[in-house]
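Taking it in order: structure first as structure tokens, then the write-up.
The values are calculated or read from the model by the stated rules, or taken from the named source; none is laboratory data. All values derive from a computational prediction rather than experimental measurement. Note that we place each Cβ from the backbone using ideal geometry, even for glycine, and neighbour counts take in every protein chain shown. In case anyone asks, the SASA skips ligands and DNA or RNA and just uses the protein heavy atoms, side chains included. Shrake-Rupley method; radii C 1.70, N 1.55, O 1.52, S 1.80 Å.
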Amino acid sequence: MTTIKKLRLYGFKSFAKLTELEFGNSFSTIIGPNGSGKSNLSDGICFVLGRLSAKSMRAEKASNLIYNGGKNNAPAKNAEVTIVFDNSKNEFPVQNKEVKITRIVKQNGQSTYKINDDTVTRQQILDLLAGSKIDPDGHNIIL
């Protein structure tokens, strides 16, 4: 089974500053009070995996996923989310021990996708994920 090693968010929804979460090999859980960003983490996972519907990530449009500055801060120029998968069991068809997928969205709503820092298309992301039985719109992600 494919496991997530790390999730990095920068300028995504409520995550103005670089935020990095590392997940263990067994059980990981995220807890916190209402409004602390727990749901934004799951939205970040859906976002980086290529989900297109901003509404399913609780936003009207893709540019609304970018940190807006709140009351006292400057808005972010873009939103970036990176997910790092463990590939030590070669569940992805690449030679690396880790697979890093990144998605960046700009103010105009245009997204850039990367696999291990190489710019690719969304379809290439979906094809890579499908090889490991991950569907960004599937039932392996329960919001």
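Rounded to the nearest percent, how much of the accessible area of the range 34-143 (1.4 Å probe, protein heavy atoms only) is carbon and sulfur?
Details: 2910 of 6250 Å².
Looking at the range 34-143 in its full context, I get 47 percent from C and S.
Limiting things to C-alpha atoms, what are the Rg and the maximum Cα-Cα separation (Dmax) for the chain, in angstroms?
14.8, 46
How much mean residue ellipticity at 222 nm does the chain get from its helices, if each DSSP H run of length 4 or more adds -39500 (n - 2.57) and you divide by all residues, to the nearest 500 deg cm²/dmol?
Values: 2 runs with 20 residues, N = 143.
It lands at -4000 deg cm²/dmol.
What does the charge count around Lys5 come to, taking other residues whose C-beta lies under 13 Å from its C-beta (Lys +1, Arg +1, Asp -1, Glu -1)? Provide the component values of the computation, followed by the final result.
Working: positive: Lys6, Arg8, Lys89, Lys97, Lys100; negative: Glu20, Glu22, Asp86, Glu91, Glu98.
So the surrounding residues net to 0.
Quick one: among Asp86, Asp118, Asp43, which has the greatest mean-square fluctuation in a GNM of the chain with alpha-carbon springs under 10 angstrom?
In this elastic network of the chain, the residue with the biggest mean-square fluctuation among Asp86, Asp118, Asp43 is Asp118.
Just the number please: accessible area per residue for the chain, 1.4 Å probe, all protein chains included, in Å². Working shown, then result.
Details: 8630 Å² over 143 residues.
Solvent-accessible surface per residue comes out at 60 Å².
Find out how many positive minus negative residues lie around Asn87, taking Lys and Arg as positive, Asp and Glu as negative, among other residues whose Cβ is under 12 Å from that of Asn87.
Result for the local shell: +1.
Pick from Ile101, Ile31, Ile83: which residue has the top mean-square fluctuation in a GNM of the chain where Cα pairs under 10 Å get a spring?
Of Ile101, Ile31, Ile83, the Gaussian network model singles out Ile31 as fluctuating most.
For Tyr113, what is the net charge nearby, where nearby means another residue's Cβ is under 9 Å from its Cβ and Lys, Arg count +1, Asp, Glu -1?
So the environment of Tyr113 carries a net charge of +3.
In Å, what Rg and Dmax follow from the Cα atoms of the range 56-129?
Computed over the Cα atoms of the range 56-129, radius of gyration and Dmax are 14.8, 46 Å.
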